[in-house]
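Below you'll find the structure, written out as structure tokens, and then a few comments.
Values in this text are rule-based calculations from the coordinates and carry no lab data. Computed from a predicted model, the values in this text were never measured in an experiment. Ideal geometry is used to build each Cβ from the backbone, glycine not excepted, and the neighbour counts take in all protein chains shown.
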Amino acid sequence: MLDGFTVGITADRRADEQASLFERRDAAVIHGPSIRTLPLGDDDGLRAITEALIADPPHVLVANTGLGIRSWFGAAESWDLGEALLDTLRATRVYARGPKASGAVHSLGLDVVARAPTERLRECVDLAVADLVPGERVVVQRDGGTAPPDVTALEAAGATVIELPVYRWQRTEDPRPAVRLAEGLIAGRVHAVTFTAGPAITSLLELADDEGLADELRETLASGSVVVGCVGPVCAEAAEAAGFGGGDLVVPRTWRLGPLVRSVSERLLERSRQVGDLMITGNVVRSGERRVELTDIEARIMAALTDRPGAVVAKVDLLRDVWGDADADPHVVEVAVGRLRRRLGPDGATIAAVARRGYVLR
């Protein structure tokens, strides 16, 4: 279905599962993780907070992420505090940021008072504030980033806020896969990229910046030439803040991994082109039983021509769109197009030269 398309994956968690979902659809996958998710289970600070909460139970828990809740209880069990923590929270009012956090809470046998409808932490905090009694103690389970500014609303309402960091995000130790992914996106070899956390976007740009590629990467992801898949609205907001909002930004209706893969796959399929007997999907051209896998340059030439079927595309436009240099030697275009026509065999004639003007796909 997606044979000819390549998808880049930036996640570290569940990357194999995501890759498998794309590969079942015949897409090629490049894994370039830009962040690592590190549990703080052995961190003395997390244990100290947990013990303090057991000794003095909180009135409210804001469950931010499913991973955080599961990791917290996993760490507590490793300290033989799991049952004590569970008993502590039975009388605590729990507000969940979304279905993942809610599901993790329910799996422990605890009730959820309310769940934010759009998985934004601020909405979850607002739900807690609406029921808050001044002076109550509120635990806010953090994600892997810095302290969330949303907790100030709790403090303003008179709560005593206890922040609970369970894991943290940091840049990947080996930047080379992420840099290769950035290079592939810029070169047009990668047709879609997925993000499952906003910090992965920031980290990928920082890693690209270390190699002098950040500006080109931003331009590529903002141009619409690449499908940018974000797992949910919070991640999409990070993409828009990075300047990708004007590109081809995809957010599934249900903010989960499976729907993300389906949404990105559907958007890629929309980019398939049928011109005469030719079906073009990414870097692959089919005609009947014949399948031709194109080089990156050849695929970009085909994309430039199929974007304007029946219209003459000037050599200077191909130099600009394919090679990024409108002032380069036009002979480069002639050589590349000639090679492409030969590789297409009997279908090479669909690319016609127009004397002193350029080429047309007919």
With θ taken as phi - 60° and the coefficients 6.51, -1.76 and 1.60, list the Karplus ³J(HN,Hα) couplings across segment 75-80 in order, rounded to whole Hz; mark glycine and proline as x.
5, 4, 5, 5, 9, 6
Alpha-carbon centroids, segment 106-158 and segment 306-351: separation in whole Å:
57
Non-local residues with an amide H under 5 Å from the amide H of residue 275, with H modelled 1.01 Å from N and Pro and chain starts lacking one, are 280
Just the Cα atoms of segment 242-324: what Rg and Dmax do they give in Å?
15.5, 44
Which one, 19, 311, 178, has the greatest fluctuation when you compute a Gaussian network model over the chain with C-alpha springs under 10 angstrom?
311
Taking C-beta distances below 4.7 angstrom as the pairing criterion, name the unpartnered cysteines of the chain, in sequence order.
124
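Mean shadow of segment 273-361, computed from the convex hull of its alpha carbons, in nm²?
Values: hull surface 20.2 nm².
Its average projected convex-hull area is 5.0 nm².
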Quick check: pseudo-label points 7 Å beyond the Cα along Cα→Cβ at residue 48 and residue 16, how many nm apart are they?
3.7
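Nothing charged except the Cβ atoms of Lys and Arg (+1) and of Asp and Glu (-1): what's the magnitude of the dipole of segment 273-361 about its Cα centre? Round to the nearest 20 debye.
Working: 14 positive and 13 negative charges, 56 e Å.
Approximately 260 debye in magnitude.
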Amide H to amide H, which residues 5 or more places from residue 162 or on other chains are under 5 Å from it, using H placed in the peptide plane?
138, 139, 140
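State the extension gain, in nm to one decimal, for the chain segment bounded by residue 332 and residue 83, taking 0.36 nm per residue of separation less the distance between their alpha-carbons.
On the way: separation 249, 0.36 × 249 = 89.64 nm, distance 7.04 nm.
Going from the current span to full extension adds 82.6 nm.
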Compute a Gaussian network model of the chain, connecting alpha carbons closer than 10 Å, and tell me which residue from 259, 134, 33 fluctuates the most.
134
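Mean 1/r over all different Cα pairs, inverted: what Kirkwood radius does segment 153-306 give, in Å? Walk me through the numbers before you get to the answer.
Details: mean 1/r = 0.0572 Å⁻¹.
Evaluated on segment 153-306, it is 17.5 Å.
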From the Cα centre of segment 285-302 to that of segment 1-47, the distance in Å is 28
Testing the spin-label approximation: label points 7 Å from Cα along Cα→Cβ at residue 170 and residue 307. State their distance in nm.
4.2
For segment 38-169, what are Rg and Dmax over the alpha carbons, in angstrom?
13.2, 36
Can you compute the equivalent ellipsoid semi-axes for segment 1-87, i.e. the square root of 5 times each eigenvalue of the Cα gyration tensor, sorted largest first and rounded to whole Å?
39, 12, 10
Contour minus end-to-end for residue 211 and residue 296, with contour as 0.36 nm per residue of separation and end-to-end as the Cα-Cα distance?
28.4 nm
When the chain is modelled as a GNM with alpha-carbon springs shorter than 10 Å, which of 107, 71, 265 fluctuates the most?
107
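Counting pairs of alpha carbon atoms under 8 Å apart in space and at least six apart in sequence, what relative contact order in percent does the chain give? Can you show the working numbers first?
On the way: 693 pairs, mean separation 54.7, N = 362.
Taking the mean separation of contacting Cα pairs over the length of the chain, I get 15 percent.
Once the cut-off is 32 Å, how many percent of the Cα-Cα pairs in the chain end up in the long-distance tail?
Details: 28551 of 65341 pairs.
The answer is 44 percent, as a whole percent.
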Long-range amide H partners of residue 27, meaning residues 5 or more apart or on another chain whose placed amide H is closer than 5 Å, are 2
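Relative to the compact-globule scaling 2.2 N^0.38 Å, provide the ratio for the alpha-carbon radius of gyration of segment 7-58.
Details: Rg = 18.5 Å, N = 52, 2.2 N^0.38 = 9.9 Å.
It is 1.87.
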Suppose R0 equals 51 Å. What FRET efficiency, 1/(1 + (r/R0)^6) with r the Cβ-Cβ distance, do residue 91 and residue 187 give to the nearest 0.05?
0.35
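Loop sites only, by DSSP: take the GluC sites (Glu not before Pro) in the chain that have at most 11 other C-beta atoms within 10 Å and name the longest stretch containing none of them.
Values: sites that count: 173, 270, 289.
In the chain, the maximal stretch lacking such sites is 1-172.
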